[in-house]
Amino acid sequence: MTEAVPHYRVAVIGTGFAGIGMAVRLRQAGLKDFVILERADGIGGTWRDNSYPGAACDVPSHLYSFSFALNPNWSRTFSPQPEIWDYMKRVAGEHGVDRHVRYNSDVRAAHWEPGNNRWRIETTDGTVTAQFLVSGAGPLADPTYPDIKGLDTFEGRLFHSAEWDHDHDLSGRRVAVIGTGASAIQFVPKIQPKVGRLTLFQRTAPWVMFRHDRDITKAESWLYRNVPGAQQIARKSIYWGRESYIFGFAKNPRLLGIVERLGRANINRSVKDPALRAKLTPSFRAGCKRILMSNDYYPALARPNVDVVTDGIVEVRPNSVVTRDSSGKETEHEVDTIILGTGFQVTDPPIAHRLYNSEGRSLAQHWGSNVQAFRGTTVNGFPNAFVLAGPNTGLGHTSQVFMIEAQIRYTMEALKYACRNRVDRLEPRPEAQRAYNRMIDKSMQGTVWVTGGCDSWYLNEEGRNTTLWPTFTWNYALRTRWFDPHNYDLRRVPRGGGKRKNAVPA
Ligand SMILES: Cc1cc2nc3c(=O)[nH]c(=O)nc-3n(C[C@H](O)[C@H](O)[C@H](O)COP(=O)(O)OP(=O)(O)OC[C@H]3O[C@@H](n4cnc5c(N)ncnc54)[C@H](O)[C@@H]3O)c2cc1C
């Protein structure tokens, strides 16, 4: 006898901020008929996986957290990874989320079945079906491995910062770090005092600002616990402070000159060697790539056991990394450990290769290089699917959790509408999606993200910014405040279709 395939009203992929937040809102709305499919054996997404030394948020914790679960007990203004991970586990536990999770369930393929108006989802732990599919598979969940000749021939220890090998003792080692992004600038200062020699391979120098990081005092925590609204005020002031960055990034990039002066002062304060200063000074406008924050990155690079190499890597050999300078001269750098700080698969998200429409085409094939959605969340051709942290919802200036929560609100409004109006299939109209993306492209014009003179992971092959939201985040929150049925093709349940169970209360 074949086993029955479990059916749910909603299937959610992932247990990062997106998956947990979605699950909390579903439960608060009284809908318990849902499952969360998580490929790992625990919850936490980004904050479970990125346990490298020094991992911490770079948006203050009062803002980088759920609006419905403020935490008066953050230890620092920018909390470290273990604390953020603990926070997520606690929120999930308190809201009864964890009992919905199926761990070790890697979603391999999800097919839309038009005849049944549902998704058939194949995982490594069996198959389920669901009327609605919400992907919270993460914008930065899958590490990128650089395409360097000979990388697989390296005989020492090699790992990505998102898969840190805590058993590998770095004491006295000759370590190569490839990449100078947000993760590298956090772990380099932590490992530098320990290693014998650290060679940092830098393709592009990032802008790195001073970070106003400090302990949160007992008095502040007391205030947040006992004075109603105190933490909201702290959160709101951080929010509006961060929103003001948009004046520089998107409205008048000339304002970024002030930021660049601060960035140069940050280099000059810690680095005395003019040649090293020159290597570390970025050649593009601040903000074109994510602005990073650290107080110990430059001091670490100025230490005698560190070399910053800006020549391109041509090859990795069993015990070395080989670079070539502009005159064609090759240099072999002997190392016994390589740490990849080479980022994540952002512009070609792996989950898009696993969602299939009724014609059997994957979302990735449907998109090609032009990744786009309606309101960053729904995609024409892929009914009843919602993509959290989807196209053009990324940020360069403030908390991603704010955007994720806005998307969750929109998704909940859509589900409630579907329930109230007996809709069993919804899909954004192509013309609505086109108009929305025209608006995005227009708003993007003139922003530092497309004019700043850098080659960033925000841009696709054609130079279109498919990742970032181009303006203030309150603007996005307003656009996703209510579900807009006139922008959707809706299929209603035929009369006599029967009462549906587990309705989402209006
Ligand atoms: C080191 C680091 C630091 C960051 N710091 C900040 C910061 O300070 N501020 C900020 O705003 N943003 C930051 N970000 C961005 C961060 O990704 C988002 O803020 C947010 O955590 C994304 O949450 P998410 O739930 O969408 O994705 P994730 O947290 O990535 O969660 C995705 C989940 O989906 C699961 N999953 C993926 N694919 C599948 C599949 N096929 N089947 C089943 N499960 C699957 C994964 O295992 C994971 O648990 C940081 C990112 C990184 C990597």
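Per residue, the Cα convex hull of region 300-398 amounts to 198 Å³. Region 350-405 and region 225-252 have their alpha-carbon centroids 28 Å apart. Note on residue 359 and residue 422: the model spin-label points, each 7 Å out from Cα along the C-beta direction, lie 3.2 nm apart. For residue 279, a cut-off of 29 angstrom between C-alpha atoms picks up these lysines, skipping any fewer than 8 places away in its own chain: 149, 190, 194, 289, 329.
Could you name the lysines whose alpha carbon sits less than 20 Å from that of residue 89, not counting residues in the same chain fewer than 8 places away? Within reach: 32.
Rounded to whole Å, the principal axis extents of the Cα atoms in the chain read 79, 55, 43, largest first. Using a Förster radius of 30 Å, what is the FRET efficiency between residue 265 and residue 221 based on their Cβ-Cβ separation? Nearest 0.05, please. Efficiency at R0 = 30 Å is approximately 0.40. With the biggest extent put first, the Cα atoms of region 18-75 measure 39, 28, 16 Å across the principal axes. Remark on residue 76: its backbone amide H falls under 5 Å from those of 216, a criterion applied only to residues 5 or more positions apart or on other chains, H modelled at 1.01 Å from N. What is the calculated FRET efficiency for residue 486 to residue 214, with r their C-beta to C-beta distance and R₀ = 45 Å, to the nearest 0.05? In this case the efficiency is close to 0.35. With the Cα gyration tensor of region 26-177 giving a ≥ b ≥ c as the square roots of its eigenvalues, does the rule (a/c under 1.5 for rounded; else a/b larger than b/c for prolate; else oblate) give rounded, prolate or oblate? Oblate is the answer for region 26-177, as a/c is 1.5 or above yet b/c matches or exceeds a/b.
Here the peptides 365-376, 453-464, 285-296 are ranked by packing, the mean other Cβ count within 10 Å, and the order with the highest first is 285-296, 365-376, 453-464. Between residue 155 and residue 73, the FRET efficiency from the beta-carbon distance, with R0 = 56 Å, is close to 0.75. Electrostatic bookkeeping for residue 16 treats Lys and Arg as +1 and Asp and Glu as -1; over the other residues with beta carbon under 11 Å from its beta carbon, the sum is -1. Where the centroid of each part is defined by its Cα atoms, how far is region 43-73 from region 148-223 in Å? Each part's Cα centre sits 18 Å from the other's. In this rough spin-label picture, where each label sits 7 Å from Cα along the Cβ direction, the residue 283-residue 142 distance is 3.2 nm.
Using 0.36 nm per residue and subtracting the Cα-Cα separation, the extra length available between residue 29 and residue 94 on full extension is 21.8 nm. Does a label point 7 Å from the Cα of residue 237, set along Cα-to-beta-carbon, have any residues of region 378-402 with amide nitrogen under 20 Å, and which are they? Within reach of a label on residue 237: 398-399. For residue 284, the shell of other residues with beta-carbons less than 13 Å away shows a net charge of +2, using +1 for Lys and Arg and -1 for Asp and Glu.
Read-outs: derived from the displayed coordinates by stated rules, not from any lab. The shown structure was predicted, so the numbers you read here are calculated from the model rather than taken from an experiment. Please note: Cβ atoms are built from the backbone with ideal geometry, for glycine as well, and neighbour counts cover all protein chains shown.
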